[in-house]
Structure formats: C-alpha cells, structure tokens
1. Here are Ala284, Ala254, Ala319, Ala310: which of them is part of a helix (DSSP H, G or I) and either under 25 Å from Cys103 (Cα atoms) or away from the ligand (no atom under 11 Å from the Cβ) (or both)?
2. Pairs, please: C-beta under 9 Å, at least 6 apart or cross-chain, first residue part of a loop (DSSP other than H, G, I, E, B) and in the range 198-209, second surrounded by 14 or more Cβ atoms within 10 Å (Cβ to Cβ) and among the β-branched types (Val, Ile, Thr)?
3. Could you grab me the full set of residues in the range 328-345 that are part of a helix (DSSP H, G or I) and either over 14 Å from Leu126 (Cβ atoms) or more than 16 Å from the ligand (Cβ to nearest atom) (or both)?
4. When you go through (1) within 18 Å of the chain's Cα centre (by Cα); (2) under 30 Å from His283 (Cα atoms); (3) buried (at least 20 other Cβ atoms within 10 Å of the Cβ) one by one for Ile69, which number turns out not to apply?
5. For Arg161, indicate whether it is more than 16 Å from the ligand (Cβ to nearest atom) and open to solvent by 20 Å² or more (accessible area, probe 1.4 Å).
6. Name the residue, out of Ser361, Ser375, that is assigned to a strand (DSSP E or B), in contact with a Leu (Cβ under 9 Å, 6 or more places away or on another chain) and open to solvent by 50 Å² or more (accessible area, probe 1.4 Å).
7. Yes or no: the range 263-279 includes at least one residue that is within 15 Å of the ligand (Cβ to nearest atom) and part of a strand (DSSP E or B).
8. From the list Arg20, Arg30, Arg6, Arg45, which one is open to solvent by 40 Å² or more (accessible area, probe 1.4 Å), part of a strand (DSSP E or B), on the phi < 0 side of the Ramachandran plot and among the basic types (Lys, Arg)?
Amino acid sequence: MNWERRLYLTAHPFAYPLLRGLARRGPVVRVPGLGCVVNDAAAARAVLMDGEAFRKDGPGSPGDLWTPILGPSVLLNMEGEGHRALRRRLTELFTPATTTALCARVLEAPLKDLAARLERGEAVDLVDEMRTMAGSVICEVIGLRAPGEADARHWFEQGERVVSMVSLRSRTLKPSQVRRAKEVLGPLGDIAAEAYRAGDEATVMGRMKVLGLSEAEARGAAGAFFLTGTETVATLVPRLFALLHDTGTLDRVAADPEGLLDRAVDEAMRLTTPTPVMLRSVHAERTVAGVVVRPGDRVVIATHNCCADAGPFSLDGDAPDLKRLWFGAGPHFCIGFPLAMAEIRAVARVVLDGPALEVVSRRAARRVLLPTYSSLVVRARTAPGRERS
Ligand code: HEM
C-alpha cells in the first residue's frame, strides 16, 4: 500500500474508504445523512463559483462549525458583498513579495540550523521541524513579539487541539468543544489585538489597522489564519518529501529546483489535498452534473477524489488542468495561497539543497483531521559511518 493511502486510512479508517468508494459511483452522489458528494473537478468548480446558491453561511454550512468560536465575520463563514469587501481589504496582506520576505525573515535561523544538521549527517524529523517552522510563521502573522521555539511549538499544538475537534462528518461543535476552542482563541485574539492597536505597518496585524479593518475583524482574521494556515502547510512538506522519495524523483528535483520544484509542489498538493473536503449549504435549486440539489441540502466537495484521480504523480508532460482546486476556487479561493507557497518553497529548497537524503523511518498519525505523518525521519545518504544506498 502506498504511504499516502496509509496516511488517509490511519487518520480516517472509516470515512476514507467510504469517500473513495463514492468516487466510483459518479461525479455527484447523494448520500443520506452526509449530503451530495461531488467527486468531479468540473462539477466542484461549478459549485464553488456559484456563491449565490452554494454558501458557507446559514444552517448546515461550515459557518455552523466556525462562527461560534471565531465570530460571524471571518471570511470563511461569510458570503456576498460583506465577504467581497473584507477580502478586497485583506488580499494585499499576502502577496508573493510580502510573504517571501516574511518567510525569509522568520525562517532564516531555523533553516540555517536545519541545513547544518542535515549537512552533519544527523537524523532529522521533518514533521517536528515543520511544526516549529509553521508555528513560527503563524506567530509572526498573528503578531506575537519575538516568538521563540517554545512559543512556536505551543501555538502549533494549540491550533492542532482545535482543528482535531472536527471530523470529516462534523456539522457543529459541542458546547464543551466551543469552550475549549475559545480558551485557545481568546489569548490568541488578545495578542493579535495588541499588534493591531500598535498599528505597525510592517506587521500583518498592524497593516489590518491601516487598511481600515475594525479590531473585531482583525481578531477574527487572525483566528481564521491560525486555524487554516498552520497544519495545512506543516503537514504538506513531509508529504511532499515522501512523495518525491517514493516516486524516485527526489534527486531530479534537487538537481533542478528552479525548473521542477513548483511542479513537484503542485503535484504533491494534488495527490495529498491537505484540505480533503470543502462544504457548502444549498440556498437555491441547481442541477450539478445531472443531480438536482435544493435549499436545505448540503454539498460535500470531495477535493481529494476530484484531484487525486486525475493521474499518478508526474513531473512530465502537461499537468492535469485543475487550476489548483486543492486551494479552492471562486470567491473563497485560499487567501493564504502566496504564504503557503512561500513557506513550502523556502523549506523545500533547503532540504533539497543539502546532501542527498533518504527516509530512515516514518509513522502515520492517528486522530487527526488532516492526514499526516506523526514522524518522518530523514538523513544524509552519505552520513558518517553509513554506506551510500
Ligand atoms: C497547503 C496549504 C493550504 C491549503 C491546501 C489551503 C486550502 C484552502 C482551501 C481549499 C480553501 C477554500 C475552502 C472553501 O472554499 O471551502 C482555503 C481558504 C482559506 N485559506 Fe487556505 N490553505 C492553505 C494555507 C493557508 C494559509 C497559509 C493561510 C493563511 C495564513 C490560509 C488561509 C485561508 C483562509 C483565511 C481561507 C478562507 C478564505 C475565504 O473564505 O474567503 N490558508 N484554503
């Protein structure tokens, strides 16, 4: 069994076989108790682009999950003009230039350390490294002053605690879960609000003030970035490395990162789909790939089925034309896309730039929403005292 399948099965032993089985039953399948499951990229795109009929607010929407803990106005539970207006103001926060600079600054020291350890032939757990690095980046985004490694780890774990409350079938959080999530998000919001009030344009939170967001909106945005932008990136990098390793393409990409890294990242995203599903509630009747959906229905876009079935991992020929569906499409397309790419590229370049590596050991993680390794230990193939494999 390939490792990606193993990661999914370990994270979701019941839901994953069900989800994959549905892919064989057609582009859109109605499943009682779950909703209309979309397995086809074109149908998924049609749903995502139609923000009038398919919404993230209202009963049965993802808003039911997030509004009780993040408040009503945090992009991922908004629609219509309010959503468009907030997005317009937030989009300039994350551009390729600002996010590349942010990652270069925040990750400079940890990446130097990582490079040195790999160079010395030490065994390095890429999962652990990524938790700290993704934690550091998100600490910077929410405005924590001079975060150390302990802060980065702390906030990564806190985010994980909240995200793991959600399963692929969750519709709402229990009151005890809402309470626990608020215990995490309250202090995080206070940090974000302080950085917002300081109004330093060089920081993400300070920029929000300059852009005219209210303090409540800035708090909410910080919470949303924290929950959506930490584990997604952290889990992807080890999976990217493992895919390159397992498909025998590691050395090829290492020899030509300029030419091949972005394609490799896209392919890894397509096959892993860090966010395996997207949810919408239906507010107007529509026909999706021949299936009629009506107000009150729920649509589950099985992003993983839409993307992973477009073919095996490949760096050659034309890539499947999915327009990065793994980051969504239409009005809710991932606003953190430039930050995610900057972070992934920064780490991948260092990992690929050093000595040729091999996987020493790995384990799949249990009880997580986003399938991932719980550890992926790598080491230089020519480490002292070891034979070149
Ligand atoms: C590998 C990394 C990532 C993946 C695969 C990913 C995936 C996605 C997807 C699929 C959506 C759309 C969900 C939907 O339409 O229902 C989304 C939205 C979003 N993402 Fe990301 N994301 C990643 C990283 C990030 C980062 C680093 C941030 C920010 C710090 C971020 C912030 C957001 C926000 C705020 C939204 C909601 C946008 C809206 O509703 O207008 N994401 N992401």
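1. From the options Ala284, Ala254, Ala319, Ala310, the qualifying one is Ala254.
2. Listed pairs, sorted by first residue: Thr203/Val141.
3. The answer is Gly330, Pro331, His332, Phe337, Pro338, Leu339, Ala340, Met341, Ala342, Arg345.
4. Single failed check for Ile69: (1).
5. So Arg161 passes the test.
6. Exactly one of Ser361, Ser375 is assigned to a strand (DSSP E or B), in contact with a Leu (Cβ under 9 Å, 6 or more places away or on another chain) and open to solvent by 50 Å² or more (accessible area, probe 1.4 Å), namely Ser361.
7. Yes.
8. The unique qualifying residue is Arg30.
The values are calculated or read from the model by the stated rules, or taken from the named source; none is laboratory data. Since the structure is predicted, the reported quantities are computational estimates derived from the model, not experimental observations. No Cβ is skipped: glycine too gets one built from the backbone with ideal geometry, and neighbour counts run over all protein chains shown. Surface areas here come from the heavy atoms of the whole protein model, side chains and all, with no ligands, DNA or RNA. Shrake-Rupley method; radii C 1.70, N 1.55, O 1.52, S 1.80 Å.
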